[in-house]
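For reference, the structure is listed below as structure tokens.
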Amino acid sequence: MRIIAAFSKLEPVKFVSHLDMQRLFQRAFRRAELPLSYSKGFNPHPLLSFATALSVGYTSESEYFDVMLDEYLSPEEFTRRVNAALPEGVRITSALDAGDFKGSLTPLMRSADYDAVLSFDAPVERERLEAAVSSLLDGELIVDKKTKGGIKSVDIRPMLLEASVADYSENHARLEIRGVLSAEGGLPPELLFGVLEERLGASFSRRVHRKKIEMDWSDLKL
Amino acid sequence: MNFSASTTAEERLERINALISRVEKPTRYMGGELNMRVKQGEGLFRFALCFPDTYEIGMSHLGSRIIYNVLNNREDTYAERCYAPWVDMEALLRESGEKLFSLETKRPLDEFHVIAFSLLYEMCYTNILTMLELSGIPLRSCERGEDAPLIVAGGPCVCNSEPIAEIVDVFFFGDGEELVNEFMDAYAEGRRRGAKKRELLLDLCAIPGVYVPAFYRAEYENGQFARLIKTEEAAPDCIERRIVRDLDRAEFTGDLIVPYMSIVHDRIALELFRGCTRGCRFCQAGFIYRPIRERRMSTLIEYADEQLKRTGHDEVSLFSLSSGDYSEIHEMVPAVLDRYTKNRISVSFPSLRIDSFLKDDLEKMQGVRKTGLTFAPEAGTQRMRDIINKGVNEDDLLRTVKDAFEAGWQGVKLYFMIGLPGETDEDVLGIAELARKVSREFYSMPKDKRGKGLRCTVSASTFVPKPFTPFQWEPQIDVDEVLRRQALLRQALKGIRGVEFNCHFSETSRLEACFARGDRRLAEVMIGAYRRGARFDSWDEHFKKEAWDESFAERGLSVDMFANRRISTDEPLAWQHMDALVTLDYLKKEHERAFEGIVTPDCREKCNGCFGQKCATHCGMHSARAEGSL
Ligand code: SF4
């Protein structure tokens, strides 16, 4: 059977890289003694795949993976057993039986919502911040993007769906950002923050939390 | 602002986290892994278990994991871990003025009572300096006052710890499982009494296996080490190495911490036994872990079962100096394979020796991942192997290799050494000859019986003379000669199908030889090199030759005088106050036999009397034989 699960990745494990998260889950599955299915071939590995990666240092309450099992387990039982085995900071928040859905989760992704708490190195007035944030939505957002072929200038404006200031105090602000997230790519939040720092003429450290990945579940006959 | 203690601690944590977020591999410093020990409460002794290399390497060291467990099993002590910060973290700590911190609580190291270092190889010494300095702790023991943490160290390098004798307060010689507990008992007692440092050190030096270097002074004559003079009446004349008699019942690792990042040995290690009965004459481990002491198979399997459940690891490794010598090996290999491979747990045998490896076992392993096989003939000719007492012959090697090829292996690693005492060009060329025969063995098999292509790696390291081996008096060959012999071998290996040469001479093998046989004068050399930027000396990309050259010159010393000198067997040795239990007479006798080409049998065939009068006291194998039960 195939299980699709949503999980959160919080503060204690926010520096664990995507590759290390895969190992973390594999080990947790072993501790939970799940009846995992394995790939064929020379170096069999559990059939586990993630919808997408999360940047190192970000937290999230809305990540997805799917995993194949050799025997039936109710999604509730799956959740209970895996959660008992996971380290602090990672939790399965919901799980479902994927039925006969065969595809990958990645193409189901549409967009992602981020909460970014900014801490300014020097105080920034609210008006200035709001002006800079709303300017992100006007016109092009040309950034230098590292690709395999070197550094390329690209416009990330089409990837940015919404951006607003949700909370403010002199040295801190919370932004809500919605960006495209799909199989073809998505909004790179760090590059967006780079532009914002430039337009603001001020630098800030930040904590970024992914609140939600919007998925199109309509292909899944549940 | 509220400056209460908790706020300050929280703010510090916040600052540390900010630093962690800026390095290349944050998980090196993060802590919080599954099975990490957490302790709360007032009045705990804070013990920092430091490993002077990166997290990936330190976390792979079994000994440190054992000591971590032993200490944390004590109610009065909280042992936390700390690893050498990589250069990016070092730079951030210096820039921010933040002190080096433990993984468990992020507490600055200078707030610990005891700071312990594991000394596994000489080339990590400068990292000790980095770690002390980044903690705001003076480097030399004489500069540290009553408030400073006690700096202790254990591990194989303690058998000649003179090069860092002026840095460390207390050394632990030999197995640590019982010794650290005795140390903590005495330490706790001293603290309760409010003992001053000197008083405490006096208490400690009464514990067998404890070496307090400050109670001795070194003298030199004609530029050479002459003698060590006791400056404190109560200090012992010599320090006896500790051995845990019953390894099967000794404390072990407890629940293993499960790292987030991938580490060098990312698996459950089963230490089948400690010690080795072979007596290869270059091998320090073969002498300083004597006698052989085994764990029972049932104990090991119970442990593996439990730890697989507790960690979720997918690999178990049989780990010992020469795993094939384990008395229950032929029950053990099939048992672990049957038990684990069906659950897709792979089993690896890193040091299985060729002459004890049965074909049946190889066939059993077919279902398992074919992680490369490694063999260590060490020398290319029988003459040379007799000198070093490596009881391996060519026929055995070729037969085993053939069996392995038939069982589907196609990757083989062959380890050799060049520069061994008495080596001639013919011996060097013999290495290539042996590799050629291995290659022929593979390609002469019918195509359907073997793998597609051979991958045979020939590695040749440079011989390093080590204390407490029969070769401790022998020089290392000089750089030009190393390079010449390597070129000779490289040329001879050219064109052999499927064979790849991997030789690795670096300046670090010279420095390793120098520090292995060095004396107290090297501490200042090391500090000088450190000030000139020496760090992570075992990592080629970090090795700074000029820093070392300048620092040696500044002190009027040289690497050669320690590494490349033949020491005569009646000269004083800088490590002669350390009693590794194997007698000096025995080492001298082995030294003579080497050059006569006489092989010394394995202890399992015959006791060779390595502990002199004390064979019966120290060695279970000797006693068992004497009682006729062997
Ligand atoms: S006492 Fe004899 S049997 Fe025991 S380790 Fe020494 S030589 Fe080997």
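Name the pairs whose Cβ atoms lie under 9 Å apart, with the first residue in the stretch A:131-143 and within 14 Å of A:Gly201 (Cβ to Cβ), the second assigned to a loop (DSSP other than H, G, I, E, B) and open to solvent by 50 Å² or more (accessible area, probe 1.4 Å), and 6 or more positions between them or separate chains?
What qualifies is A:Ala132/A:Gly201.
Among the candidates A:Tyr58, A:Tyr38, A:Tyr64, single out the residue that is within 13 Å of chain B (Cβ to nearest Cβ) and crowded, with 18+ Cβ neighbours inside 10 Å.
Selected residue: A:Tyr58, the only one of A:Tyr58, A:Tyr38, A:Tyr64 that is within 13 Å of chain B (Cβ to nearest Cβ) and crowded, with 18+ Cβ neighbours inside 10 Å.
Residues of the stretch B:20-50 being more than 10 Å from chain A (Cβ to nearest Cβ) and open to solvent by less than 10 Å² (accessible area, probe 1.4 Å), which ones?
Within the stretch B:20-50, B:Phe47, B:Ala48, B:Cys50 qualify.
Condition (residue is modelled with pLDDT under 95 and farther than 17 Å from B:Cys142 by Cβ) applied to the stretch B:202-209: is it met by at least one residue?
No, there is no match, as no residue in the stretch B:202-209 is modelled with pLDDT under 95 and farther than 17 Å from B:Cys142 by Cβ.
At least 2 residues that are in contact (Cβ under 8 Å) with a residue 60 or more places away in the chain, within 23 Å of B:Pro465 (Cβ to Cβ) and among the small types (Gly, Ala, Ser) in each: list the helices (runs of 4 or more DSSP H) lying fully within the stretch B:515-574 that qualify.
B:522-531
Within the stretch B:201-225, how many residues turn out to be within 13 Å of B:His577 (Cβ to Cβ), surrounded by fewer than 19 Cβ atoms within 10 Å (Cβ to Cβ) and touching a residue at least 60 places away in the same chain (Cβ under 8 Å)?
Going through the stretch B:201-225 one residue at a time, the tally reaches 1.
Quick one: in the stretch A:22-35, of everything that is open to solvent by less than 30 Å² (accessible area, probe 1.4 Å) and touching a Lys or Arg at 6+ places or on another chain (Cβ under 8 Å), which residue is nearest to the other protein chains (Cβ to nearest Cβ)?
Out of the qualifying residues, it is A:Ala32.
Here are some residues: B:Phe595, B:Phe611. Which one is near the ligand (Cβ under 9 Å from one of its atoms) and more than 14 Å from every other protein chain (Cβ to nearest Cβ)?
B:Phe611 is the lone residue from the list that is near the ligand (Cβ under 9 Å from one of its atoms) and more than 14 Å from every other protein chain (Cβ to nearest Cβ).
Restricting the search to the stretch B:487-514, which residues are of a type outside the set (Phe, Trp, Tyr) and part of a strand (DSSP E or B)?
B:Val499, B:Glu500, B:Asn502, B:Cys503
Quick one: would you say B:Met89 is in a helix (DSSP H, G or I) and either in contact with a strand residue (DSSP E or B) (Cβ under 7 Å, 6 or more places away or on another chain) or in contact (Cβ under 8 Å) with a residue 40 or more places away in the chain (or both)?
yes
Considering only the stretch A:82-93, state which residues are open to solvent by 60 Å² or more (accessible area, probe 1.4 Å) and at pLDDT 95 or above.
A:Ala84, A:Arg91, A:Thr93
Of everything in the stretch A:41-55, what is at the interface with chain B (Cβ under 10 Å from one of its Cβ atoms) and open to solvent by 30 Å² or more (accessible area, probe 1.4 Å)? Give them in sequence order.
Listed by number, the residues that qualify are A:Phe42, A:Asn43, A:Pro44, A:His45.
Test each condition in (1) closer than 19 Å to A:Lys212 by Cα; (2) open to solvent by 50 Å² or more (accessible area, probe 1.4 Å); (3) hydrophobic (A, V, I, L, M, F, W, C) for A:Leu19 and report the one that comes out false.
The failed condition is (1).
Tell me which residues, restricted to the stretch B:614-630, are more than 13 Å from the ligand (Cβ to nearest atom) and open to solvent by less than 70 Å² (accessible area, probe 1.4 Å).
Passing the criteria: only B:Gly628.
Answer yes if at least one residue in the stretch B:120-142 is closer than 29 Å to B:Ile16 by Cβ, basic (Lys, Arg) and either out of contact with any Pro (no Cβ under 9 Å at 6 or more places or on another chain) or crowded, with 18+ Cβ neighbours inside 10 Å (or both), and no otherwise.
yes
Restricting attention to the stretch A:1-16, and to residues there that are touching a residue at least 60 places away in the same chain (Cβ under 8 Å) and open to solvent by less than 20 Å² (accessible area, probe 1.4 Å), which single residue is nearest to the other protein chains (Cβ to nearest Cβ)?
Within the stretch A:1-16, the match that is nearest to the other protein chains (Cβ to nearest Cβ) is A:Val13.
So, B:Ser558, is that one closer than 30 Å to B:Phe611 by Cβ and open to solvent by 10 Å² or more (accessible area, probe 1.4 Å) or not?
Answer is no for this residue.
Residues of the stretch B:73-86 being in contact (Cβ under 8 Å) with a residue 60 or more places away in the chain and closer than 17 Å to B:Glu42 by Cβ, which ones?
Result: B:Arg74, B:Asp76, B:Thr77.
Identify, by number, the condition in (1) more than 18 Å from B:Asn160 (Cβ to Cβ); (2) at pLDDT 95 or above; (3) assigned by TED's automatic domain parsing to the domain that holds B:Phe471 that B:His577 doesn't meet.
Result: B:His577 passes all but (1).
Looking at (1) more than 18 Å from A:Gly194 (Cβ to Cβ); (2) assigned to a loop (DSSP other than H, G, I, E, B); (3) without any contact (Cβ under 8 Å) to a residue 60 or more places away in the chain; (4) open to solvent by 80 Å² or more (accessible area, probe 1.4 Å), find the lone condition where A:Glu71 falls short.
It fails just one condition, (3).
Of the residues B:Asp602, B:Asp585, which single one is within 9 Å of the ligand (Cβ to nearest atom) and in the same structural domain as B:Pro470 (by TED's automatic domain parsing)?
B:Asp602
Out of B:Arg296, B:Arg310, which single residue is surrounded by fewer than 19 Cβ atoms within 10 Å (Cβ to Cβ) and more than 14 Å from chain A (Cβ to nearest Cβ)?
Result of the check over B:Arg296, B:Arg310: B:Arg296.
Within the set of pairs 6 or more residues apart or between chains, which connect a residue that is at positive phi inside the stretch B:604-630 to a residue that is open to solvent by 50 Å² or more (accessible area, probe 1.4 Å) with Cβ atoms less than 8 Å apart?
Close Cβ pairs (under 8 Å, with a partner that is open to solvent by 50 Å² or more (accessible area, probe 1.4 Å)) amount to B:Gly612/B:Asp585.
Need pairs with beta-carbon distance below 6 Å; first residue over 17 Å from B:Leu71 (Cβ atoms) and within the stretch B:175-200, second open to solvent by 40 Å² or more (accessible area, probe 1.4 Å) and in a loop (DSSP other than H, G, I, E, B); sequence gap 6+ or separate chains.
Close Cβ pairs (under 6 Å, with a partner that is open to solvent by 40 Å² or more (accessible area, probe 1.4 Å) and in a loop (DSSP other than H, G, I, E, B)) amount to B:Lys197/B:Glu146.
The values are calculated or read from the model by the stated rules, or taken from the named source; none is laboratory data. Every value quoted in this text rests on a predicted model; they were computed, and no experiment measured them. All Cβ positions, even for glycine, are placed from backbone atoms using ideal geometry, and neighbour counts span all protein chains on display. These area figures cover heavy atoms from the full protein model, side chains too; ligands, DNA and RNA do not enter into them. Shrake-Rupley method; radii C 1.70, N 1.55, O 1.52, S 1.80 Å.
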